Amino acid sequence: MITIVGAGPAGCLLALLLARRGQRVTVYERRPDPGLLPSEAGRSINLALAARGIRALRDAGVMEAVTPLLTPMRGRRLHDISGTEQFLAYGQSHEMIYSVSRADLTRRLTEAARAQPGVALHFNQQCLGYADPGKLQLRDTASGSTYEVAAQRIVAADGAGSVLRQSLAQRQGFIVEEDRLEHDYKELTLPVVNGHPPLAMDALHIWPRGGFMLIALPNADGSFTATLFLPRSGPQSFELLSSGAKVRDFFAREFPDALPLVPDLAAQFAAHPQGMLGTIHSPGWRDAERLLLIGDAAHAIVPFHGQGMNCAFEDCRILDGLLAHSPDDAFEHFEAQRRGDCEAIATMALENYAEMRDTVRDPGFQQQKDLAIALERSYPDRFIPRYSMVMFHDEIPYSLALERGRVQQGILNELASRPAADPQVVANLIRERLPALSAAVQ
């Protein structure tokens with residue numbers, strides 16, 4: 001039997017994957033059952049579901065149930081200071097990612113896990129730690145009583161603030177590095193207007209302003225969830241937005257076309273929490289084969305590549321496969337296999353923030369992106385843009401996407417310096433520097 005701490009999307013998905021193979025799974029979650037409570041506004045950046053997450057959901061047999069929650073996005077719509085929009089496709093015409101509400105997705109996965117034979121869900125049960133091997137310390141939040149449970153194998157899916165990661169660090173004497181970003185975030189809701197969405201539903205909308213940005217993702221009901229990413233302090237920062245009037249003045253100056261879309265801007269800004277962003281670097285992910293950290297508990301990343309959930313879902317799929325084929329040392333193999341890939345996506349997520357808030361404004365960026373898409377059409381087994389490798393190709397490890405992406409950027413820079421390059425020269429350049437992906441992935 002496997003015990004999972006955390007019944008968020010990753011915890012529920014892992015429970016489903018394991019139970020479908022006949023494993024008995026017990027899940028403990030400190031929060032109430034999400035099916036019994038309304039959504040909490042302003043507490044979670046909308047999620048972007050891409051190929052890696054979709055593959056895991058299909059393996060768990062829940063993709064059909066999740067599909068009605070999804071809103072497809074074909075690319076980015078950039079809003080400049082004058083309100084002019086520019087559409088940038090994510091990739092080839094058939095490639096898209098999907099916006100989904102974290103709360104709605106969690107409810108759907110909870111429902112599926114509850115209905116799955118072999119899964120036992122326990123809500124309002126707060127994990128206090130992992131003192132002795134094979135024992136979890138828990139507290140019933142309703143009664144306040146504390147107790148211990150024996151747990152042969154434990155998987156910690158309890159998020160970026162993981163209690164079990166803290167316990168593991170104390171037991172093994174390592175220090176967890178929490179690399180907090182200098183920027184925080186705040187969510188806002190853009191409501192439906194007279195029955196119509198406030199923005200085009202086919203894209204992620206971005207207001208890039210160099211040192212900060214506003215984004216908006218579509219919801220299935222036609223509304224949008226917007227997120228302001230802004231430094232905590234400084235000349236353009238959250239610390240200066242200390243009143244409703246200052247918030248409105250800031251939006252009128254920096255996001256004039258977005259201001260009318262949030263009629264209760266000042267009220268929302270005051271009511272919604274200011275969230276922190278950061279990357280977790282944990283030297284240890286496991287206690288032998290007794291305890292394993294996955295998802296944000298092991299490797300939380302910033303949200304700017306839309307891969308936090310997808311990476312966690314990929315963790316679940318890979319761990320399930322290892323437990324099926326080499327159960328005696330699955331935790332050891334998982335850490336060895338995933339560490340390099342998770343470090344790679346953490347790096348790419350930070351780099352993508354600079355791209356989203358700044359680089360996309362450079363005309364040369366779009367020219368290189370168009371060239372990259374054209375090269376992919378001509379050399380599909382060698383040149384796939386890095387963004388596409390991460391978002392649309394679940395068979396390409398993150399570490400390989402990072403490595404090949406750097407080589408490809410060098411090629412794009414070289415070709416940009418000689419735009420009239422002979423096609424044979426281009427072909428030779430790509431074949432010399434990029435081995436076929438079919439061989440590299442094996």
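What number do you get for segment 290-442 when its Cα radius of gyration is normalised by 2.2 N^0.38 Å, N = residues?
Cα-based Rg divided by the globular estimate yields 1.18.
Considering only DSSP beta bridges whose two residues both sit in the chain, what percent are antiparallel, to the nearest 5?
Just about 70 percent of them are antiparallel.
Give the percent of DSSP beta bridges with both residues in segment 1-148 that are antiparallel, rounded to the nearest 5.
Beta bridges within segment 1-148, antiparallel portion: roughly 70 percent.
When 1/r is averaged over all different Cα pairs and the result inverted, which Kirkwood radius in Å belongs to segment 132-174?
11.7 Å is the Kirkwood radius here.
Fully extended, how many nm does the chain gain between Ala252 and Ala150 (0.36 nm per residue separation, minus their Cα-Cα distance)?
31.0 nm
Just the Cα atoms of segment 1-119, one point each, no solvent: what log10 I(q)/I(0) does Debye give at q = 0.12, 0.16, 0.21, 0.23 Å⁻¹?
After summing over all Cα pairs, the log10 values are -0.52, -0.81, -1.18, -1.33.
Return one quarter of the surface area of the convex hull spanned by the alpha-carbon atoms of segment 31-181, equal to its mean projected area, in nm².
13.5 nm²
At a Förster radius of 45 Å, what calculated FRET efficiency corresponds to the Cβ-Cβ distance of Asn194 and Asp329, to the nearest 0.05?
That pair, Asn194 with Asp329, gives E of 0.15.
Any idea what the alpha-carbon Rg over 2.2 N^0.38 Å comes to for segment 221-310?
So the Cα radius of gyration is 1.50 times the expected 2.2 N^0.38 Å.
Which value in deg cm²/dmol, rounded to the nearest 500, describes the helix-derived mean residue ellipticity at 222 nm for the chain, given -39,500 (n - 2.57) per DSSP H run of n ≥ 4 and division by the residue count?
-12000 deg cm²/dmol, from helical runs alone.
Once Rh is set to the Kirkwood radius over Cα pairs, what Stokes-Einstein translational diffusion coefficient, in µm²/s, holds for the chain at a temperature of 37 °C and a viscosity of 0.692 mPa s?
Stokes-Einstein gives a translational diffusion coefficient of 142 µm²/s.
Compute, for Arg153, the solvent-accessible surface of its heavy atoms (probe 1.4 Å) with the complete set of protein chains present, and express it in square angstrom to the nearest 10.
Using a 1.4 Å probe on the heavy atoms, I get roughly 40 Å².
Where the centroid of each part is defined by its Cα atoms, how far is segment 394-432 from segment 288-345 in Å?
29 Å
Lys and Arg at +1, Asp and Glu at -1: add these up for the other residues within a Cβ distance under 10 Å of Phe392 and post the number.
Net charge in that neighbourhood comes out at -1.
Say the dipole of segment 107-203 comes from +1 at the beta carbon of Lys and Arg and -1 at that of Asp and Glu; which of Thr141, Leu190, Val163 then lies farthest toward its positive end?
Farthest along the dipole direction, towards plus: Thr141.
Could you tell me whether segment 353-442 comes out rounded, prolate or oblate from its Cα gyration tensor? Rule is a ≥ b ≥ c as square roots of the eigenvalues, rounded for a/c under 1.5, then prolate if a/b exceeds b/c, otherwise oblate.
Oblate, since a/c reaches 1.5 and b/c is not below a/b.
Let me check against my output: what whole-number percent is the relative contact order of segment 239-328, with C-alpha pairs under 8 Å and at least 6 apart?
18 percent
What number comes out for the charge environment of Arg20, summing +1 per Lys or Arg and -1 per Asp or Glu over other residues with Cβ under 10 Å away?
-1
Considering amide H positions built from the backbone, and no H for Pro or chain starts, which residues 5 or more places from Gly129, or on another chain, come under 5 Å of its amide H?
Gln137
Putting +1 on Lys and Arg Cβ atoms and -1 on Asp and Glu Cβ atoms, find which of Ile97, Ala427, Gln116 reaches farthest to the positive end of the dipole of the chain.
Selected residue: Gln116.
Would you kindly work out the equivalent ellipsoid of segment 274-332 from its C-alpha gyration tensor and give its semi-axes, the square roots of five times the eigenvalues, largest first in whole Å?
In descending order, the three semi-axes are 25, 14, 6 Å.
Report D for segment 160-305 in µm² per second (integer): Stokes-Einstein, Kirkwood Rh on Cα pairs, 4 °C, 1.567 mPa s.
74 µm²/s
Residue by residue, what Karplus-based ³J(HN,Hα) values in Hz, rounded to whole numbers, does segment 214-222 have, using 6.51, -1.76 and 1.60 with θ = phi - 60° and x for Gly and Pro?
Listing the rounded values in order: 10, 10, 8, 10, x, 10, 4, 8, x Hz.
Can you tell me, using C-alpha contacts under 8 Å and at least 6 residues apart, the relative contact order of the chain as a whole percent?
About 18 percent, as a whole number.
Using only the C-alpha atoms of segment 248-291, find the volume of their convex hull and express it per residue in Å³.
In segment 248-291, the Cα convex hull volume per residue is 144 Å³.
Output the Cα-based Rg and Dmax of segment 98-206 in Å, rounding Rg to one decimal and Dmax to a whole number.
Here Rg and the maximum Cα pair distance are 19.9, 59 Å.
The values are calculated or read from the model by the stated rules, or taken from the named source; none is laboratory data. If you're wondering where the values come from, they're calculated on a predicted model, not measured in any experiment. No Cβ is skipped: glycine too gets one built from the backbone with ideal geometry, and neighbour counts run over all protein chains shown. What goes into the accessible areas is simple: the full protein's heavy atoms, side chains included, and nothing from ligands, DNA or RNA. Shrake-Rupley method; radii C 1.70, N 1.55, O 1.52, S 1.80 Å.
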